[in-house]
Amino acid sequence: MFLKVCLKHGEKLRMWLNQLKIAIVQKDMQLLDSLLSDIPTFVDTKEIESASYLLKEASAMVSSLKDETASSMIQIKKNVDFLRSTQSKNKNTLDISS
């Protein structure tokens, strides 16, 4: 019975690690978020090292995506400002000279 529980726990850990790998490769933030909200308890040092490495990679990925998003937002703001500067200014007064 104890062996079955240990095997299921080990299988669950391997599944979690595999899902984490998939989330990193696919840059799937929703999957990453769900995995990080339910981190299993690791016992084996090899699994701990794997999880640690993968979590560092996930952190680097999140940081990279954050920087990309910030860069995109700056570029969008510049584009909006440019478009606003090229629009003709509306006159609020009655122009009878034309």
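Could you tell me whether any residue of segment 45-60 is of a type in the set (Lys, Arg), modelled with pLDDT of 95 or more and out of contact with any Ser or Thr (no Cβ under 8 Å at 6 or more places or on another chain)? Don't jump to the end; show me each part of the working.
Narrowing segment 45-60 to residues of a type in the set (Lys, Arg): 46, 56.
With modelled with pLDDT of 95 or more added as a condition, the list becomes 56.
Of the ones still in play, those that are also out of contact with any Ser or Thr (no Cβ under 8 Å at 6 or more places or on another chain) are 56.
Checked against the condition, which is being of a type in the set (Lys, Arg), modelled with pLDDT of 95 or more and out of contact with any Ser or Thr (no Cβ under 8 Å at 6 or more places or on another chain), segment 45-60 yields at least one hit.
Do any residues in segment 51-65 that are within 14 Å of Arg14 (Cα to Cα) have Cβ atoms under 8 Å from those of residues that are of a type in the set (D, E, K, R) and in a helix (DSSP H, G or I), where the two are at least six apart or on different chains, and which pairs are they?
Every condition considered, the pairs that remain are Leu54/Lys21.
Looking at (1) closer than 22 Å to Lys8 by Cβ; (2) part of a helix (DSSP H, G or I), find the lone condition where Gln75 falls short.
If we test Gln75 against (1) closer than 22 Å to Lys8 by Cβ; (2) part of a helix (DSSP H, G or I), just (1) comes out false.
Which of the residues spanning segment 19-63 are β-branched (Val, Ile, Thr) and outside any helix (DSSP H, G or I)?
Once the filter is applied, which keeps residues that are β-branched (Val, Ile, Thr) and outside any helix (DSSP H, G or I), segment 19-63 yields Ile39, Thr41, Val43.
Given the conditions (1) among the basic types (Lys, Arg); (2) assigned to a helix (DSSP H, G or I); (3) at pLDDT below 90, report the number of the one that Lys66 does not fulfil.
It fails just one condition, (3).
The values are calculated or read from the model by the stated rules, or taken from the named source; none is laboratory data. Because the structure is predicted, anything quoted here is derived from the model rather than measured. Note that each Cβ is placed from the backbone with ideal geometry, even for glycine, and that neighbours are counted across all protein chains shown.
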